[in-house]
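The block underneath contains the structure these notes are about, expressed in structure tokens.
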Amino acid sequence: MLKHLHGLGLSCLFLGFITLLVSCRNEKQLATAKANAVAYGLARCDCEKQRRKEPQGDTRECTEAMARATRYLNINVEFGKFNSAATAEIEKAGNDAYEKCLQSAAQK
């Protein structure tokens with residue numbers, strides 16, 4: 001009976017370890033997705049600043065940066081399988097970066 005309980009304890013320990021690994025992986029995926037959302041927000045801001053210039057600036061680089069960030073973000077979302085709260089967090093990170101960038105541009 002003691003051997004059975006010992007095996008059960010190891011199983012619980014192993015299960016806890018696996019849960020911790022999955023949790024850490026999910027946090028890393030969320031952080032990566034947020035970073036890509038911020039990259040998108042900053043590229044979007046750069047495009048907006050270029051469009052507001054007189055004469056209008058070149059938006060090729062920022063458009064390419066937006067496409068790249070979107071591609072990476074789509075990969076993050078596909079592999080991350082985020083719930084709605086995490087998805088909202090990701091969107092907020094990108095929108096906040098965009099708004100902060102526009103505000104800092106307006107103050108200059």
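Values for this structure:
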{"item": "Any hit, the stretch 79-99, residues being in contact with a Cys (Cβ under 6 Å, 6 or more places away or on another chain), on the phi < 0 side of the Ramachandran plot and either modelled with pLDDT of 95 or more or part of a helix (DSSP H, G or I) (or both)", "result": "yes"}
{"item": "Qualifying positions in the stretch 43-72 - free of Cβ contacts under 8 Å to residues at least 60 places away in the same chain and touching a Phe, Trp or Tyr at 6+ places or on another chain (Cβ under 7 Å)", "result": "ARG44, MET66, ALA69, THR70"}
{"item": "So ARG25, is it modelled with pLDDT of 90 or more, in a helix (DSSP H, G or I), basic (Lys, Arg) and surrounded by 10 or more Cβ atoms within 10 Å (Cβ to Cβ)", "result": "no"}
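The values are calculated or read from the model by the stated rules, or taken from the named source; none is laboratory data. Quantities reported herein were computed from a predicted structural model and do not represent experimental measurements. Because the Cβ atoms are built from the backbone with ideal geometry, glycine has one as well, and the counts that use them run over all protein chains shown.
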